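Take a look at the structure below.
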Amino acid sequence: MCDTGCAGNAGRPNMAPVYPKAGRYPDYARLVDRNRAQVDRRVFVDEGVYQAELQQIFARSWLFLAHESQIPNPGDFIRTSMGEDDVIVVRQRDRTVRAFLNSCPHRGNRVCMVDAGSKARGFICNYHGWSFGIDGGLRGTDGKVYEKDETFEKAQIGLTPVAQVDSYKGLIFGTFDPNAPSLLEFFGPFTFYLDIMLDNDEGGTEFIGGAIKSEIDCNWKFPAENFVGDILHAFWTHQSGAQAILGGGVDLGKRYDELAFQASVYGHGIETNLDKVGNTRTLGYPELVDYVFDLSERARDRLGDLRSRAIGAISSCTIFPNFSFLPGQNTFRVWHPRGPGKIELVVWTLVNKNAPDHIKELYRKGVMMTFSPGGVFEMDDGENWEYSTRVNQGFVTRQQPLHYALGLQSADLDRDLPGHIHKGSLNDANQRLFYTRWAEFMEHDNWTDLQNGETAPPQKTASAAE
Amino acid sequence: MLDLLDISKPFADLDAPVDLETERAITRWLHAEVRLLDAERYQEWLTRCIDPDIRYWMPDMETRRRDDPRGMFAYGEAAYFDDSWKELEIRVKRYNEPSAWADNPQTRHLHQISNIEVNATEDPTLFAVHSVFTNVRNRNEADQDIVHGRREDVLRAGPGGYRLLRRRVFIVQNVLLSKNLNTFF
Ligand code: FES
Ligand SMILES: [Fe+2]
């Protein structure tokens, strides 16, 4: 600041976008003990660890922003978060998608107060009336005050863009790191598994309108690790939901030993039982089971036998760090961190665009009945994650690291599938790799190391699976 | 179908208040209904209070600009409840399982109902009832969830008394400030 006595332009603001630099936190990385298959409980409650996560993980990873179908036309937008950063995602006039921090560069107020909208021409800040185009640039200021100020450099000012935005088969992601590798490199060969849901039929996918949002007082990693590979909990946690809908417990079927597996690439993970319709069946509508059986037959040409069996199977998936979905149940969700002990959960339903309307409607209701706050499965998840988090406020309690050692000898080196493959879906393997990825983000300040560590895909091809 | 029974349609202006006796009877019914819910007598609630043709809807509430034609909610999009009898029955079945962990140990429930307005409709057996509620759920030592909202009910008078035929529930929260909804409204 220099109001008097400074010469020339020395005092003018630099309003170029600022992106954070990554650091190195080897002490935090060591909280994940690969050799003993244990995770130190401080990762769930420590404020220092949490701030490092925002810097190392959420400011660098590709994070889920929106489905293309939510913002079909220029000016259509939705508001979301990347970590704790509030972000606007908006379709441009050239039909590309860009995203911006939802904060006015003047005094910082939010420029967009709503969840979503269509055909907006721009965003006007309620505080002093600065207005921004859908391209993020400053368009105007209220009144004539700034226009009379010769030093005011309007062209320099705009909403800070999310550094990179890209989409994969309908799903839009963004990263704050200008140096992050491409979205495809971030996924690596894990796209092989994403296609089970995103490319199982002609015409692509869409989200059903609206989103259910709720708060859970848990660390974000508990739900993320749950979806990356914890079918184990379904037997106990979800007994009541399974009884209510299916009239019996969760059943992995006769061919479990032969078929079920976990796969992991760069911390992204899927566990599946390849039983064709086990997940879909839990939505409670026989018409959906028929639909998925047909779909699975049709999809053999596109996806091959193995993946066509996974479309509706008992399975779950997390894209590192905090985007998860359930094949067959079609719930897609983000676990937004809100401090070490709180998340905001946002849930959508994905359907194939060309599915008949009554099928889409049954998915909408089926997801509501199972995986929404009043759903018979989701109902019983929250309290587990809350107390798994909260008990670690106990100083003595948090000295004992947790046990992630199910299936230590289960690596499957024969099966020719992309990524790290482990036998059986009842396994902690994907969760170990999820936390290994977490530790890699804590350890490394550069993408060369990040993309060439233990979680990187082993070198092999997927050809045999086709 | 009467507009009144279309779950996607709001009540028109309610300007046909019923006589005191009917109002008293329906008010009593509403109080008795939530007493069953507070006592977790869900099966009884279903069989005694709910009409087999029930439509029970609670949409997600969004924050939108005033000039947004979609408004705060839209029928056919995401909802907490959009139930017929079949869906309500599944939810009740879960409550009745001993392994419904979110309800074991038991939750302490309270529904407070007020602002009750009872209106006659063009069908003498149907009543349009508006009310507001406060729902408090408390569990374990200090886990507390509070939900406020309003309801637009259609009650049908029959031989066995009143039954709920349609209910639209509008809560005031956008992000549900709770981990779950282990109750009905
Ligand atoms: S804070 Fe936005 S115009 Fe002042
Ligand atoms: Fe679960």
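Of B:Leu14, A:Gln431, A:Ala180, which is farthest on the positive side of the dipole of the protein assembly as shown, counting Cα position, with +1 on Lys and Arg Cβ, -1 on Asp and Glu Cβ, and the Cα centre as origin?
The residue sitting farthest along the positive end of the dipole is A:Ala180.
Which Cα, out of A:Gly253, A:Thr160, A:Gln399, lies furthest along the positive dipole direction of chain A (beta carbon charges, K/R +1, D/E -1)?
It is A:Thr160.
What figure in square angstrom, to the nearest 10, would you give for the accessible area of B:Phe170 with a 1.4 Å probe?
It works out to around 20 Å².
Please give the charge dipole size of the protein assembly as shown, origin at the Cα centre, charges +1 on K and R Cβ atoms and -1 on D and E Cβ atoms. Round to the nearest 20 debye.
Working: 74 positive and 93 negative charges, 123 e Å.
Here the size comes out at about 600 debye.
Suppose a student asked you for the relative contact order of chain A, using Cα pairs under 8 Å spaced at least 6 residues apart; what percent would you report? All intermediate terms of the calculation are to be shown ahead of the outcome.
Details: 998 pairs, mean separation 94.5, N = 466.
Result for chain A is 20 percent.
Please list the non-local residues whose amide H lies under 5 Å from the amide H of A:Asp142, H modeled 1.01 Å from N, same-chain partners needing a gap of 5 or more.
A:Trp130
Roughly how crowded by other chains is peptide A:207-218, in terms of the mean Cβ count from those chains within 10 Å of each of its Cβ atoms?
Average per residue, whole number: 6.
Quick one: dipole size for segment A:188-458, taken about the Cα centre, charges +1 on Lys/Arg Cβ and -1 on Asp/Glu Cβ, in debye to the nearest 20. Numbers along the way, then the final one.
Values: 24 positive and 37 negative charges, 71 e Å.
About 340 debye.
Please turn the phi angles of segment A:371-384 into ³J(HN,Hα) values with the Karplus equation 6.51 cos²θ - 1.76 cosθ + 1.60 (θ = phi - 60°), one per residue in order, whole Hz, x for glycine and proline.
Once θ is set to phi - 60°, the couplings for segment A:371-384 become 10, 9, x, x, x, 6, 9, 4, 2, 9, 7, x, 5, 4 Hz.
Helix-only mean residue ellipticity at 222 nm, the protein assembly as shown, DSSP H runs n ≥ 4 weighted -39,500 (n - 2.57), per residue, nearest 500. What is it?
Dividing the helical sum by the residues of the protein assembly as shown leaves -7000 deg cm²/dmol.
Estimate the FRET efficiency between A:Glu47 and A:Gln92 by the formula 1/(1 + (r/R0)^6), using the beta-carbon distance for r and 41 Å for R0, to the nearest 0.05.
The formula returns an efficiency of 0.60 here.
What's the extension gain from B:Ser8 to B:Gln144 if we count 0.36 nm per residue and subtract their Cα-Cα distance?
45.8 nm
How well do other chains shield peptide B:88-95, expressed as the mean number of their Cβ atoms within 10 Å of each residue Cβ? Intermediate results must be reported in sequence, preceding the final value.
On the way: counts 0, 1, 8, 7, 1, 7, 13, 4.
Average neighbour count from other chains, rounded to a whole number: 5.
In degrees between 0 and 90, to the nearest 10, how far off the longest principal axis of chain A does helix A:429-443 point, with axes built from Cα atoms?
20
Charges at C-beta only: +1 for Lys and Arg, -1 for Asp and Glu. How large is the resulting dipole of chain B about its Cα centre, in Debye rounded to 20?
480
Run the quick spin-label model on B:Gln112 and A:Asp135: label points 7 Å from Cα toward the beta carbon, then report their separation in nm to one decimal.
The answer from the label model is 5.5 nm.
Kindly write out, for segment A:58-65 in residue order, the coupling ³J(HN,Hα) from the Karplus curve 6.51 cos²θ - 1.76 cosθ + 1.60 (θ = phi - 60°), rounded to whole Hz, with x marking Gly and Pro.
Result, rounded to whole Hz: 6, 8, 10, 5, 6, 10, 5, 10.
Other chains' Cβ within 10 Å of A:382-388 residues: what's the mean?
3
Compute the FRET efficiency between A:Lys148 and B:Arg66 as 1/(1 + (r/R0)^6), taking r as their Cβ-Cβ distance and R0 = 30 Å, and round to the nearest 0.05.
The pair A:Lys148/B:Arg66 has a calculated efficiency of 0.35.
For A:Leu31, B:Leu177, give me the order by solvent-accessible area with a 1.4 Å probe, most accessible first, ignoring ligands, DNA and RNA.
B:Leu177, A:Leu31
With an 8 Å Cα cut-off and a minimum separation of 6 or more residues, compute the relative contact order for segment A:396-466 in percent. Don't skip to the answer; put the middle values down first.
Working: 58 pairs, mean separation 26.0, N = 71.
Dividing the mean separation by the residue count of segment A:396-466 yields 37 percent.
For segment A:325-335, take each phi angle, set θ = phi - 60°, evaluate the Karplus expression 6.51 cos²θ - 1.76 cosθ + 1.60, and give the result in whole Hz per residue in order, putting x for glycine and proline.
8, 10, x, x, 9, 6, 8, 10, 8, 10, 9
Ignoring everything but the protein chains, give the 1.4 Å probe accessible area of A:Phe152 in square angstrom, nearest 10.
Per-residue accessible area (A:Phe152): approximately 50 Å².
Going highest first, how would you order B:111-123, A:392-404, A:49-61 by mean Cβ packing within 10 Å?
A:49-61, B:111-123, A:392-404
Which residues in segment B:138-155 place their backbone N less than 20 Å from a point set 7 Å from the Cα of B:Ala39 along the Cα-to-Cβ direction?
In segment B:138-155, the label zone of B:Ala39 (backbone N under 20 Å from the point 7 Å along Cα→Cβ) covers B:138.
For A:Leu232 and A:Lys353, what is the calculated FRET efficiency with R₀ set at 41 Å and r taken between the beta-carbons, to the nearest 0.05?
For A:Leu232 and A:Lys353, the calculated efficiency is 0.75.
At a probe of 1.4 Å, how much accessible area disappears from chains B and A on forming the pair, both sides counted, to the nearest 100 Å²?
In total, this chain pair buries about 3500 Å².
At a threshold of 8 angstrom on Cα-Cα distance, excluding pairs fewer than six apart, so keeping six or more, what relative contact order does chain B reach in percent?
Relative contact order, chain B: 25 percent.
The values are calculated or read from the model by the stated rules, or taken from the named source; none is laboratory data. Just so you know, these numbers come straight off a predicted model, no measurement behind them. With ideal geometry, Cβ positions are generated from the backbone for all residues, glycine too; neighbour counts draw on all protein chains shown. We work out accessible area using only protein heavy atoms, side chains counted, and drop any ligands, DNA or RNA first. Shrake-Rupley method; radii C 1.70, N 1.55, O 1.52, S 1.80 Å.
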